[in-house]
Structure formats: structure tokens, C-alpha cells
Amino acid sequence: MKNHLISKIPKAQEETTMKLCNGKAIDLNSLYNFKNPIRHFFNINAIAFDCSESCTFKDLAWTTPVKFKIFKTEEEQRTIGFPNILNFYHAVKKFQSEPNFFDIGAMSSRKRVSPDLNTGEFSVLSYYRSIQSDTFNLTKYDKLLVLDIKSFYGRIYTHDFGFSDVNSLEQRVTSLNSGRTNGLLLGSYLSLYLAERFLLKIEKELDKMLAEQHIDCHYEYFSDDFYFFCNQADKDRIIEGFAKVLDAFELQVNYDKTVVFDFEEYTKDNNLEKLWKKIIHLSMEKEKAISQKRDRSAIWGIKGDGKEFRDHPVFFTQLVYRLSQIQELKYKRIFLANFFKTFYFYNLNPDLYILSQSDLNYICYIYKLMPEAILYSLPTIMQMKGFDRSRFKEFVLARFNSVLHTDRQEEQVYFYYAIKLCGFDTELICFKEKVLHSENQILISYFILDKIITEADYQNEISYPHESKWLQNYHYLLVYDKSRIDVLFPVNAKKSRQQQSYYDFYYRNLDSDIPIVRPVGEIDGAIKKFISQKIASYHHKSV
């Protein structure tokens with residue numbers, strides 16, 4: 001620690017939220033990592049920023065983001081970035097007054113993007129409305145042509161945004177990504193906003209091209225995916241014209257992702273809600289039968305609390321069976337994860353059911369295919385009679401070991417969470433070396449907090465610290481050595497005023513024992529709150 005950096009900052013409160021210009025507080029977790037469920041493992045809302053409120057841009061420096069890999073395809077992962085938290089906070093403060101920052105959908109009627117910052121996801125209702133609108137448009141036109149912009153986020157040039165306050169706003173963006181002016185970090189709401197703002201330029205030129213060529217079509221876009229409803233005769237002209245529009249922005253069509261649907265093909269690929277409803281209907285019939293059996297036992301005076309009148313659940317068998325009706329892996333995964341976010345499953349009474357060995361096999365298969373489903377279902381499933389802890393332990397340890405041999409970092413965290421939730425903590429020591437070399441900073445941070453990775457294990461990392469590992473290094477300091485705050489300074493923080501800013505911020509949070517990753521014991525509560533808000537927003541907007 002540098003001697004000239006002295007702080008007299010008091011301890012932080014339990015939780016802090018950012019106050020917006022309209023006086024409302026915002027969920028920083030949703031802004032920091034939007035849409036991806038890994039956001040449930042962050043603790044950004046608890047981070048204290050009060051010591052940095054007076055910071056100007058000159059008090060900060062370029063910073064290096066943490067890289068993290070999430071599922072893209074069976075063979076490929078998508079890399080998102082976790083920016084320096086202090087820089088991100090001040091970037092959002094600067095951008096919050098920009099046009100439509102919290103209402104991206106209002107930028108243009110052609111945008112299908114409708115973020116819900118209460119849930120941290122895109123609006124469920126807007127998705128269903130899009131499906132209905134799409135099917136109607138496919139009665140007016142022959143085809144739906146979906147065109148994707150190749151590597152869109154990575155090819156955006158920050159100079160081309162046209163900021164009204166060029167120096168200040170652009171600097172805020174580039175300070176999150178080592179000063180780079182080409183490309184946006186994937187993952188945050190701020191990047192989504194910037195990308196959608198840039199797409200307005202493409203929309204303007206696209207409208208012009210379609211008008212000049214007298215092409216009869218209707219189009220909308222969801223981020224970098226453009227949906228053209230057109231007639232067969234115009235399909236090739238639209239592809240050619242779209243490519244020319246993109247070329248003017250030094251962008252390209254990703255022809256490998258071009259998809260064409262007619263009415264029947266489109267409705268077949270968008271039947272997930274129908275499948276959920278079928279499963280829920282069958283499950284509710286089973287629950288009704290169980291309840292009737294309990295009622296009869298009460299009438300007949302059978303002793304007992306009624307819990308012996310359980311039955312096997314329908315939904316696990318049905319989920320696996322219905323997978324065969326879904327073609328693409330992406331939709332299979334969406335189908336599985338989102339079933340467990342439904343109002344039905346959220347309110348499920350686990351006392352009604354008893355699990356068979358076949359049920360457990362189906363559960364394990366679901367978790368293998370879509371590990372995210374663990375977050376929304378395992379706490380409920382564990383309460384069902386017949387949950388075989390020893391066999392589930394065998395499964396979850398095997399899968400954790402398997403994904404540690406891959407770069408599926410997101411899934412590694414979910415299986416770790418399952419192990420912790422079930423209380424299999426003593427087994428985690430066996431995976432220490434693999435985790436330490438996994439480059440998964442969220443997982444490494446948890447292993448440090450668990451003290452599985454010891455001070456001795458981490459000596460090489462902390463002796464030669466890399467700025468890109470600030471997340472795991474922060475947790476090492478939190479657990480083992482709070483005096484080494486200087487290892488968290490950005491490389492480009494060369495001026496004393498910059499170093500003081502980062503020192504004050506980290507000292508404040510380290511001294512208050514605030515982890516950046518959410519404590520494992522609080523994750524289930526956060527996820528339940530998220531699902532509750534998701535269901536409430538759907539029903540509220542449906543009224």
C-alpha cells in the first residue's frame with residue numbers, strides 16, 4: 001500500500017443503490033450485467049460508492065475488464081466483459097440523462113428490444129406480442145427473412161456515435177475497455193444502449209434504400225438481428241441492399257446466420273409457450289387428483305397429516321418428452337430454463353410429490369442439457385420426498401468435474417452453486433487446482449471466500465498481479481490481506497489523484513467486508529425476487 005494514500009472513510013451501509021436524475025433508485029446488478037443469469041451472482045447493489053461521488057473523469061483512468069465466457073453454441077462460447085465497477089458506475093451516472101437511456105424501445109417503432117430493468121431481462125410480454133405480430137405479418141407477406149450483422153458489437157467505432165458531449169461521453173465508454181475506441185464490451189446495459197443508439201443510423205439508411213428501390217416490405221430489428229417481412233420476389237434485393245447499407249458503416253451481413261421462414265415454419269419454431277401450457281395442464285390435473293385423495297382421507301377419518309398422499313410429478317417426464325418436438329438446441333435450452341420460471345412452478349407445493357429414480361434421471365438430464373435450470377428449480381426439488389441426495393451428489397460432482405475441463409465458465413458457476421446448495425462443500429477441495437487454473441474469476445472468487453484456495457495457494461498470483469484479474473484479486477484481499485490495495489490499481493492510474501480515487505473506493509468496500517460476488521446464501525432469495533418481479537410485470541402489463 002502506498003503511504004501517501006490515507007483514507008478516513010467510515011464503514012458502508014448494508015446496501016447502496018444509485019439515485020437517478022429523476023430521484024428513483026436503479027438496480028445496478030441489472031445495469032452491470034444485463035439479461036445473462038450470471039448477474040444473480042453479483043453483489044453490485046451492496047457496493048458503496050459514496051466515497052467517490054465527487055470523482056471527475058480526471059480522477060479515473062483506463063481500466064481492463066474481466067473476461068467471462070457464456071454459452072453460444074454447443075461448440076462455442078461467447079465472451080462477455082465485466083468492466084471496472086467504479087468506472088462503470090460513473091459512466092452510467094454520465095449517460096443516465098442521455099435520450100431514452102432507460103427506455104430503449106422509445107427510440108424507434110422498429111425496435112423489438114424492450115428491456116425491463118426491474119427483472120434485468122427483456123420484457124416477456126413484448127416477446128409474446130412480437131410472436132403474434134410476426135405471425136400476422138406472415139399472412140400479408142410470403143416470407144420472414146432474418147439477417148444478422150457479423151460481429152456487430154466488436155466492430156462499432158466509438159467515434160461514430162455522434163455524442164453531444166464527445167470528449168466526456170466517449171471517454172467514459174473507452175475507459176471501460178482499456179481505452180479502445182473500436183468495439184463495445186458485451187454484457188452490460190450500457191453497451192446495449194450504445195449499440196441500439198448506433199443502430200438508429202443503420203435504420204435511417206435502410207429506410208432510404210428501401211424507398212429508393214420501391215421495395216414493399218415491413219422490417220423490425222432485435223439488436224443486430226433484422227426481421228424483414230417480404231414477398232419472395234423481393235428477398236434477394238433486400239439482402240443485396242442491406243449488405244450495401246452495412247458496407248457504408250464498415251459492417252457485413254453474417255450470411256451463415258441468414259434464415260428464411262414461411263408461416264408454417266415460423267409457428268413451428270415458436271411453440272414453446274404451447275408446450276409449457278400442455279405440461280402445466282397435465283400437472284394441474286395430477287395436483288387436483290392428489291388434493292382429492294387428501295380430502296377423502298380427511299372425510300374418512302384416516303389419521304396422519306396428509307403428506308403420505310403424494311404422487312409422482314408429471315412435468316419432468318413431459319419436459320424430456322417434449323424436447324423431441326423442438327429442433328434447435330438453443331430453443332431446447334430456453335424451453336427447459338423458462339418452464340421453471342413460470343407462475344405454476346414458482347407456486348408449486350413440493351409436499352404434493354414424491355420422486356422416483358426415473359424422475360431423478362430426468363432431472364439430472366435437464367440439468368446436464370441446461371445447467372441454468374438449477375437456479376430456478378433445485379431449491380424446490382430438494383424439498384420433494386424421495387430426492388436421492390447420494391445419487392444427485394454423484395451426478396453434480398461428475399458434471400462439475402466435466403465442465404471444469406471445458407471453457408464453459410457460466411456452467412461451472414451453476415454446478416458449483418448446486419454443490420453448495422446441497423451442502424456437499426467437503427467435496428470442493430478436490431477441485432481446487434482445476435478451479436485455480438480455470439480463469440473463471442467468479443468461481444475462483446468463491447473458492448477464495450470459502451478458503452478452499454488458501455493464501456499459500458495464491459501467492460504466485462498476488463506476487464505478480466495482473467489488472468485483468470482484479471475481481472479474484474479483490475476477494476483475495478478481502479479474505480487474506482487488505483493492506484495490498486495497490487494491486488487493484490489500474491495500470492493507467494499513474495497520477496496520485498487517480499490512485500487516491502481507486503484506493504478510497506476499494507478501501508471503503510474492503511474495510512466494510514463487502515464482496516463483489518453475492519454470498520451464496522443470498523442467491524436463492526435474489527432469484528426468487530427476480531422470478532416474482534418477472535411474473536408480476538407480465539400480469540400487470542397483461543391487464
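Taking the condition touching a Cys at 6+ places or on another chain (Cβ under 8 Å) and either open to solvent by 20 Å² or more (accessible area, probe 1.4 Å) or hydrophobic (A, V, I, L, M, F, W, C) (or both), does Asp450 pass?
no
Just the residues that are touching a helix residue (DSSP H, G or I) at 6+ places or on another chain (Cβ under 8 Å) and either closer than 23 Å to Met370 by Cα or not polar (S, T, N, Q) (or both), please, taken from the range 36-49.
Asn36, Pro37, Ile38, Arg39, His40, Phe41, Phe42, Ile44, Ile47, Ala48, Phe49
Is one or more of the residues making up the range 172-185 open to solvent by 30 Å² or more (accessible area, probe 1.4 Å), more than 24 Å from Lys67 (Cβ to Cβ) and polar (S, T, N, Q)?
So far as the range 172-185 goes, no, none of its residues is open to solvent by 30 Å² or more (accessible area, probe 1.4 Å), more than 24 Å from Lys67 (Cβ to Cβ) and polar (S, T, N, Q).
Test of understanding: among Glu461, Glu467, which residue is of a type in the set (Asp, Glu), touching a helix residue (DSSP H, G or I) at 6+ places or on another chain (Cβ under 9 Å), touching a residue at least 60 places away in the same chain (Cβ under 8 Å) and within 30 Å of Trp62 (Cβ to Cβ)?
When all the criteria are applied, what remains is Glu467.
For the range 198-220, what are the residues that are assigned to a loop (DSSP other than H, G, I, E, B) and either out of contact with any Cys (no Cβ under 8 Å at 6 or more places or on another chain) or loosely packed, with under 15 Cβ neighbours inside 10 Å (or both)?
Gln213, His214, Asp216
Within the range 453-507, restricting attention to residues that are of a type in the set (Gly, Ala, Ser) and open to solvent by less than 20 Å² (accessible area, probe 1.4 Å), which residue is farthest from Ser178 (Cα to Cα)?
Here the answer is Ser501.
Each row is one residue, and each column tells you yes or no for (1) charged (D, E, K, R); (2) closer than 30 Å to Cys55 by Cβ; (3) touching a Cys at 6+ places or on another chain (Cβ under 8 Å).
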| residue | (1), (2), (3) |
| --- | --- |
| Lys67 | yes, yes, no |
| Phe88 | no, yes, no |
| Pro99 | no, yes, no |
| Ser123 | no, no, no |
| Tyr127 | no, no, no |
| Leu138 | no, no, no |
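Just the residues that are closer than 21 Å to Tyr474 by Cα, crowded, with 17+ Cβ neighbours inside 10 Å and not aromatic (Phe, Trp, Tyr), please, taken from the range 393-438.
Hits for the range 393-438 are Gln409, Glu410, Gln412, Val413, Val435, Leu436, Ser438.
The values are calculated or read from the model by the stated rules, or taken from the named source; none is laboratory data. Everything numeric in this text was worked out from a predicted model, so none of it was measured. Methodologically, a virtual Cβ is constructed for each residue, glycine included, from the backbone with ideal geometry; neighbour enumeration extends over all protein chains shown. The protein model used for the area step is the full one, side chains on, heavy atoms only, and it has no ligands, DNA or RNA in it. Shrake-Rupley method; radii C 1.70, N 1.55, O 1.52, S 1.80 Å.
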